[in-house]
Amino acid sequence: MKKIPVVYISIAAALLIVAIGAYANFYLYRPKALKQVREVRGVTSTTIQELPYMQGTKELGTTETDLGRQVTLEVARTPEEVQSFYKNVLMEKGWEVENNIERSDLIIDKYKNDKFLATITISKEKEASSTVVGINLRNR
């Protein structure tokens, strides 16, 4: 049987201790939970919570820019039901109708309050089982 030099045993023991220490450090590490910054350069942040969603709404996408926030939704309702819902809810919350455009393929309703301008674009596709709604919310 060969004798293993003491130097090799010492090196192996040191590497084992370092590996165990690294694993323990990794296992016990708890990162700090950072808060998401919502306000940039002193501008009032826009929140889509200012505008409610209809029951059964599926969020398709969200885009946030310096000017505001755009949310695209899909809801299993007619375009007229969607328009009526947003008009009733927003008017009840003190919003005012700024503009209304109705075409054969879409409805565009614009609302305003003290803080925000909201544009609600509603698709009017024939024989569709759901309606696509775009909500654009930006600061005044």
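What the table below lists for this structure:
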item	result
Looking only at the stretch 84-139, and only at residues there that are of a type in the set (Lys, Arg) and touching a residue at least 60 places away in the same chain (Cβ under 8 Å), the one that is nearest to Gln55 (Cα to Cα)	Arg138
Matching entry among Thr78, Thr72 (being in contact with a Ser or Thr (Cβ under 8 Å, 6 or more places away or on another chain) and surrounded by fewer than 16 Cβ atoms within 10 Å (Cβ to Cβ))	Thr78
Residue in the stretch 63-72 that is at positive phi, in contact (Cβ under 8 Å) with a residue 60 or more places away in the chain and not aromatic (Phe, Trp, Tyr) present	yes
Any hit, the stretch 65-78, residues being farther than 23 Å from Gln55 by Cβ, at pLDDT below 90, within 25 Å of the chain's Cα centre (by Cα) and among the polar types (S, T, N, Q)	yes
Any hit, the stretch 131-139, residues being modelled with pLDDT under 90, assigned to a strand (DSSP E or B) and among the polar types (S, T, N, Q)	yes
Qualifying residue in the stretch 9-20 (condition: modelled with pLDDT under 90 and in a loop (DSSP other than H, G, I, E, B))	no
3 or more residues of a type in the set (Val, Ile, Thr): qualifying strands (runs of 3 or more DSSP E) within the stretch 77-128	116-123
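The values are calculated or read from the model by the stated rules, or taken from the named source; none is laboratory data. Since the model is a prediction, treat every value here as computed from it, not as a measurement. Glycine gets a Cβ as well: all are built from the backbone with ideal geometry, and neighbour counts include every protein chain shown.
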